[in-house]
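First comes the structure, then the notes that go with it.
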Amino acid sequence: MMFDSIKDQIRDVKKIVFVTGAGISQESGIPTFRGKDGLWRNYDAMKLATINAFYDNPKLVWEWYNERRKNIFSAHPNEGHKAIADLEKYVDVVILTQNIDGLHQKAGSTQVLELHGSIVKIKCTVCDFKDEIMTDFSDSPPLCKCGNILRPDVVWFGESLPQDVWQEAIIHANQCDLMVIAGTSLVVSPANTLPIYAKQNNALLIEVNPEDTEMSLEMDLAIRNTSANTLPKLIS
Ligand code: BV8
Ligand code: ZN
């Protein structure tokens, strides 16, 4: 399906769901997980974003999140984030993001589900204490009042997504008539099943990614370009 013909179809949609990943923040200077910039001090991000890595070396993992937090706090939403936020004026838009950087919200989007948590949130490893962390950049995990160490309140590999968030995400994926999948390799589950829910409900699927993904062949249109270049044109 060609770009122009899909633009005609987009005009009639009632609800658009965006599934976004690390790639949509790449043009804001935030490294992706699997791209060439996905390494940190020669560590594989995939190996650091796990509960075992945290318990093996809490200081190292905490430092990784601290450095990402500093980078994220100085980052700005790019044209891709802003185009999605602008769209809210015209149609029902819900964003299901795998990102923990908060840039969709910073761009002005109001319906954002953070499937994998948020870098500004922390929680206790034992009790139910939760908090937001804005400036404390201590280089090792602080202690909770109960005496146990605190951790980033994100979903690590091998951990389940928050059930309420995941159930709501599925509802939105089932209800949309257009799903735009931008900046994600669709490697990570269960987020990578969301396009399947949408397709089962006859939604149009558009992929925005400079590279092929695990589901490119299922898409009605795969736009091989970056999100900051594509989204303003696609949804203007
Ligand atoms: C779960 C939060 C039930 C932290 C993240 C074997 C053993 C154990 C588990 C598994 C296993 N096999 C499968 C699993 C399940 C596992 C999984 O999917 N693993 C993968 C690696 C195979 N999933 C889980 O564990 C999930 N939980 O399933 O619970 C369970 C419980 C126990 C045991 C089994 C199952 C939890 C997954 C959540 C993990 N946490 N992040 C943090 O951020 O620090 S995931 C992490 O990867 C980030 O959130 C990231 O966003 C996400 C996904 O990656 P992408 O966003 O797609 O990023 P990536 O770098 O891959 O791709 C970027 C894309 O952008 C590329 O395609 C690139 O071409 C493109 N791009 C680049 N530049 C641009 C661009 N696109 C547009 N514009 C650009 N400028
Ligand atoms: Zn505690």
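The values are calculated or read from the model by the stated rules, or taken from the named source; none is laboratory data. If you're wondering where the values come from, they're calculated on a predicted model, not measured in any experiment. Backbone-built Cβ (ideal geometry, glycine too); neighbour counts: all protein chains shown. The accessibility values were calculated without ligands, DNA or RNA, using every heavy atom of the protein model including side chains. Shrake-Rupley method; radii C 1.70, N 1.55, O 1.52, S 1.80 Å.
Give me Rg over Rh for the stretch 85-192, both radii from the alpha carbons and Rh done the Kirkwood way, two decimal places.
Taking Rg over the Kirkwood Rh, I get 1.02.
For the chain, report the translational diffusion coefficient in µm²/s to the nearest whole number, using Stokes-Einstein at 10 °C, 1.306 mPa s, and a Kirkwood Rh over Cα pairs.
D, rounded to a whole number, is 86 µm²/s.
Describe numerically, in nm with one decimal, the distance between label points set 7 Å from Cα along Cα→Cβ at residue 67 and at residue 200.
Each label point lies 7 Å from its Cα, and together they span 4.1 nm.
Relative to the longest principal axis of the chain, what angle (0 to 90°, nearest 10) does the C-alpha long axis of helix 163-175 take?
10
Based on the alpha-carbon gyration tensor of the stretch 41-122, what equivalent-ellipsoid semi-axes (square roots of 5 times the eigenvalues) come out, in whole Å, largest first?
30, 13, 10
Report Rg(Cα)/(2.2 N^0.38 Å) for the stretch 152-234, keeping two decimals.
Against the empirical 2.2 N^0.38 Å value, I get 1.14 for the stretch 152-234.
Quick one: with all protein chains in place, what share of the accessible area of the stretch 84-236 is carbon or sulfur, to the nearest percent (1.4 Å probe)?
Looking at the stretch 84-236 in its full context, I get 50 percent from C and S.
For the chain, which span is the longest to avoid every loop-located (per DSSP) member of chymotrypsin sites (Phe, Trp or Tyr not before Pro) having at most 15 other Cβ atoms inside 10 Å?
After excluding every exposed loop site, the longest remaining stretch is 138-236.
Let me have the 222 nm mean residue ellipticity of the chain computed from DSSP H runs of 4+ only, each contributing -39500 (n - 2.57), with the sum over all residues rounded to the nearest 500.
Here the helix-only value at 222 nm equals -9000 deg cm²/dmol.
Using the heavy atoms of the protein chains and a 1.4 angstrom probe, tell me the accessible area per residue for the stretch 49-196 in square angstrom.
Per-residue accessible area for the stretch 49-196 comes out at 44 Å².
List the lysines whose Cα sits under 21 Å from the Cα of residue 199, skipping any in the same chain fewer than 8 residues away.
The reachable lysines, counting only those whose Cα sits under 21 Å from residue 199, are 7, 14, 15.
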